[in-house]
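The values are calculated or read from the model by the stated rules, or taken from the named source; none is laboratory data. These numbers were taken from a predicted model, which means no experiment stands behind them. Ideal geometry is used to build each Cβ from the backbone, glycine not excepted, and the neighbour counts take in all protein chains shown. Accessible surface areas use protein heavy atoms only, side chains included; no ligands, DNA or RNA. Shrake-Rupley method; radii C 1.70, N 1.55, O 1.52, S 1.80 Å.
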Amino acid sequence: MRGRDWPRIKVRWLGGHVAPVARDAGPDLTALVPDDPDGAYDFGLGAGFYVNATEQPWPQHYRMYDYVVSELPAVVESQFPVSDARAISGHSMGGHGALICALKNPGRYRSVSAFSPIVNPSNRPWGVKALGRYLGPDRERWKDWDACELIADAGERLPLLDDRGENDNFLTEQLKPQALERAAAAAGHRLTLRRHPGYDHSCYFIASLIDDHLRHHAQALGRG
């Protein structure tokens, strides 16, 4: 991606103290980059899965991990009056991205949270499809992009905030929050996993709880 996504960055200011930065889930320049040959939403342009792809034809453009961890912060911090105090959050596949970015980079973020994240992609259908195509068939390599695998050896124990809707139609087959609960308990890693009756996987769920997450991050950033 190498900076080509910059026009899609959205920066907003909250009370002059916290600047949320958002972008979409897949790479830009849709006419120039490869996509899922079947046109499915769960791979390719709709789902970069926050990995650095190694298998052809994906590596040139599908390096969302580098983009989120290094390239995007460098652009924002050079173009806006912000510090290098960072927090990270995401929804669904973006929640997976937030968790792995925080777990793989001790000291880079002050806080992390997720809405309905994919937490064990190496063992769930969405992740098996994506990781297999982006990284190849060696499942040992997939573990480097799986929060449930990373949490055991995490170099920093940032508390994890994870919100789920109990009516989420992906909850049982794809999201499997119990896997993260077990992994966190085994590692002694603090996890706040909240289940909310009546909510599904939609943006309405995010809108209903976003204030909690902003407060969570603002407090960690010393702005709460």
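Values as computed for the structure displayed
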read-out	value
Qualifying residue in the stretch 31-42 (condition: within 30 Å of Asp211 (Cα to Cα) and in contact with a Ser or Thr (Cβ under 7 Å, 6 or more places away or on another chain))	no
Which listed residue, of Arg157, Arg190, is in contact (Cβ under 8 Å) with a residue 12 or more places away in the chain and farther than 23 Å from Tyr65 by Cα	Arg190
Whichever residue in the stretch 61-89 is hydroxyl-bearing (Ser, Thr, Tyr) and in a loop (DSSP other than H, G, I, E, B) and, among such residues, is modelled with the highest pLDDT	Tyr62
Index of the failed condition, Trp58 passing every other in (1) in a helix (DSSP H, G or I); (2) over 23 Å from Ala184 (Cα atoms); (3) in contact (Cβ under 8 Å) with a residue 60 or more places away in the chain	(1)
Complete set of residues in the stretch 192-209 that are open to solvent by 60 Å² or more (accessible area, probe 1.4 Å) and part of a helix (DSSP H, G or I)	Cys203, Tyr204, Ala207
Unique residue being surrounded by 13 or more Cβ atoms within 10 Å (Cβ to Cβ), closer than 18 Å to Ala98 by Cα and touching a Lys or Arg at 6+ places or on another chain (Cβ under 6 Å) when the list is His216, His189	His189
Matching residues, the stretch 146-183, being within 16 Å of the chain's Cα centre (by Cα), acidic (Asp, Glu) and farther than 13 Å from Ser92 by Cα	Asp146, Glu149
Subset tally (residues that are among the acidic types (Asp, Glu), open to solvent by less than 20 Å² (accessible area, probe 1.4 Å) and in a helix (DSSP H, G or I)) for the stretch 114-169	0
Where Ser208 falls short, out of the listed (1) under 29 Å from Ala152 (Cβ atoms); (2) out of contact with any strand residue (DSSP E or B) (no Cβ under 7 Å at 6 or more places or on another chain); (3) of a type in the set (S, T, N, Q); (4) at pLDDT 95 or above	(1)
Selection status of Ala186, in a helix (DSSP H, G or I) and over 18 Å from the mean Cα position of the chain (by Cα)	yes
